[in-house]
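Down below is the structure, laid out as structure tokens.
The values are calculated or read from the model by the stated rules, or taken from the named source; none is laboratory data. Predicted, not measured: the structure shown is a model, and the values here were computed from it. With ideal geometry, Cβ positions are generated from the backbone for all residues, glycine too; neighbour counts draw on all protein chains shown. The area values use the complete protein model at the heavy-atom level, side chains included, leaving out ligands, DNA and RNA. Shrake-Rupley method; radii C 1.70, N 1.55, O 1.52, S 1.80 Å.
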Amino acid sequence: MTKSIKSVTHPKLRLEVLTPEDVKKIHEATLWIIEHTGVRFPSKRALDIWQSFGATVDPEKMIVRARPHLIEEALKQAPASYHLCARDPAQDLPLDGNHVFVGTDGCGVEVLDIQTGERRTSTLHDVIDIARVADATEEIGFHWVPVSAQDMPPETRGLHEIRAIWENSTKHVQTESIYNEREARVAIEMAAAIAGGREALRKRPVLSLMQCTAPPLGQDGGSVDAALLAAEAGIPTGFMTMAACLTTGPATLAGNLTVGNAEVIAGLALLQLAYPGSPVFYAAAQTASDLRNGAYTGGGPEDFLFGAAQNALADFYNVPLSMGSFATGAKEPNWQAGIENSMSTFMASIAMSDMLLGVGLLHGSRIWSFAQMMMDCEIFSIVQKTLQGIVVNDETLALDTIHAVGPGGNFLTQKHTLRHMRDIFLSQFMDRRPYNEWESKKDDARDWALAKARKTLAEHQPDPLDAKLSAELGRIIETAK
């Protein structure tokens, strides 16, 4: 099976949601918030770092206020591009502003069973199965830990999850399931074992960490401590805001962008103050709360606009972006899922977000669906094909072929047609059959997508992890207990 990875690159279509002046206003408003309102950092280590660089620290409330110059100078230290490295070097991902890669999303708590369709609690075996299917799927560039291994002890759950992925895929591993300093130390030791040592890990980071902020204007203390350890080890690290209009952010989109921006760049600035030049990324999954019940929506016009706007901010700070894209709010693979995931992926891709997240998840990142995973990958393939635009040159104008066929002819037998027929997008899951055939079978994309996932799981054998190395990962996890 192919080990290629599909990405959007050199797009011919572009979109501008925020003008340079808009971005500047949001940046200035963000700096004002950090200086006057402050951001909460419930971590002694973080507070000490901020204070050592002259920031104003309220030790009781754990709120940091920093002058604009400190934030801006710190962010200038962040590298503009780097690679997310994989167990197989041929699958390393360049985060260079000219590639859009797709990954699974993280921390789902339920799974639609691939065989029975039953909705049940997620387990470690689900992490393994998803990793194997993703390993064989060219649209998937990297792994987030997709679901929580709830049959594993909470204190080592996140470590078992990343071990399971390394054992079942050669692609890069990213996780948001490492929440504290103890877990981070063990995860870094595991990554070093995979890479071949600490210095090798610094050169080829096979692991990256994403930490969620605590909106509005807050960080999680354990996550900050874990991020600092990762930055020290040279592991790419990002902070993700999930600020939601009406509840954890202002009702206005610009206000919500500004609150989330303050959370993210304050976190990134902290890492650059502590470890200048450490690889970091901007991460966002902002949304709007539902007007009826205040719930997380996981889709809608606001999400689509945020998807493009966040990339403008990440570009302004000259760091890669990880963007929540798929992860529809729909309860099953349906019309709503198709609209939300298509629009969010198109908007984030046309803005050239480096990493897109959410493949396979339903109900706002709570429920995993293998059928949705396969259909999401097709959505990305459609977007990727669309963004290639229309190539105009002597070969594509096809004048000689048109002249040879002439009025009333047919192009099917032409050599030009044979050369280019595979340029035409061929859908796996769109129903283009005659009506009578559909009427007699009444199956649809969900059936075909699930069948493909089942076939892949049954047939694909990932490149195995060396048995001694696998045992070493197990030994390292045991020390965490």
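Relative contact order, whole percent, for the chain stands at 19, derived from Cα pairs under 8 Å and 6 or more residues apart. Helices of the chain meeting both criteria, an alpha-carbon length of 24 angstrom or more along the long axis and an average Kyte-Doolittle score not below 0.5, with helices taken as full DSSP H segments, are 253-274, 370-387.
Which FRET efficiency value, to the nearest 0.05, do you get for residue 22 and residue 391 by plugging their Cβ-Cβ distance into 1/(1 + (r/R0)^6) with R0 = 56 Å? Write out the running numbers ahead of the final one.
On the way: r = 32 Å, r/R0 = 0.58.
With a Förster radius of 56 Å, E is 0.95.
Residue 459 exposes around 110 Å² of accessible area when a 1.4 Å probe is run over every protein chain in place. Taking R0 as 45 Å, what's the FRET efficiency between residue 433 and residue 247 from their Cβ-Cβ distance, rounded to 0.05? Rounded to the nearest 0.05, the efficiency is 0.50. Averaging the sequence gap over all C-alpha pairs within less than 8 Å and six or more residues apart, then dividing by the number of residues, gives the range 261-371 a relative contact order of 25 percent.
The distance separating the Cα centre of the range 298-316 from that of the range 86-110 comes to 19 Å. The mean sequence distance of close C-alpha pairs (under 8 Å, at least 6 residues apart), as a share of the length of the range 116-262, puts its relative contact order at 18 percent. Loop-located trypsin sites (Lys or Arg not before Pro) in the range 37-143 (DSSP state not H, G, I, E or B) with no more than 16 neighbouring Cβ atoms inside 10 Å: 61, 76. A dipole drawn for the chain from +1 and -1 charges on Cβ atoms has a positive end, and of 345, 4, 298 the residue lying farthest that way is 4.
Per the helix-only calculation at 222 nm, which mean residue ellipticity applies to the chain, given -39500 (n - 2.57) for every DSSP H run of n ≥ 4 and division by its residues, nearest 500 deg cm²/dmol? Present the calculation step by step, with values, prior to reporting the outcome.
Details: 18 runs with 213 residues, N = 481.
Calculated at 222 nm, the ellipticity per residue is -13500 deg cm²/dmol.
Taking label positions 7 Å along the Cα-Cβ direction at both residue 202 and residue 478, the computed distance is 3.1 nm, reported to one decimal.
A straight chain from residue 56 to residue 290 at 0.36 nm per residue would run longer than the Cα-Cα distance by 80.6 nm. For the chain, taking Cα atoms only, Rg and Dmax work out to 23.1, 82 Å respectively.
Label separation (residue 467 vs residue 44): 4.6 nm, computed from points 7 Å beyond Cα along the C-beta direction. Projected onto their three principal axes, the Cα atoms of the range 1-75 cover extents of 54, 40, 20 Å, largest first. Using the heavy atoms of the protein chains and a 1.4 angstrom probe, tell me the accessible area per residue for the range 404-481 in square angstrom. That works out to 75 Å² per residue. At an R0 of 30 angstrom, the distance between the Cβ atoms of residue 13 and residue 254 translates into a FRET efficiency of 0.75. Taking a point 7 Å out from the Cα of residue 419 in the direction of its Cβ, the residues of the range 385-407 whose backbone N falls within less than 20 Å of it are 389-406. For the listed residue pairs 331/455; 385/441; 6/452; 3/468; 12/415, the alpha carbons are over 20 angstrom apart in 331/455; 385/441; 3/468; 12/415.
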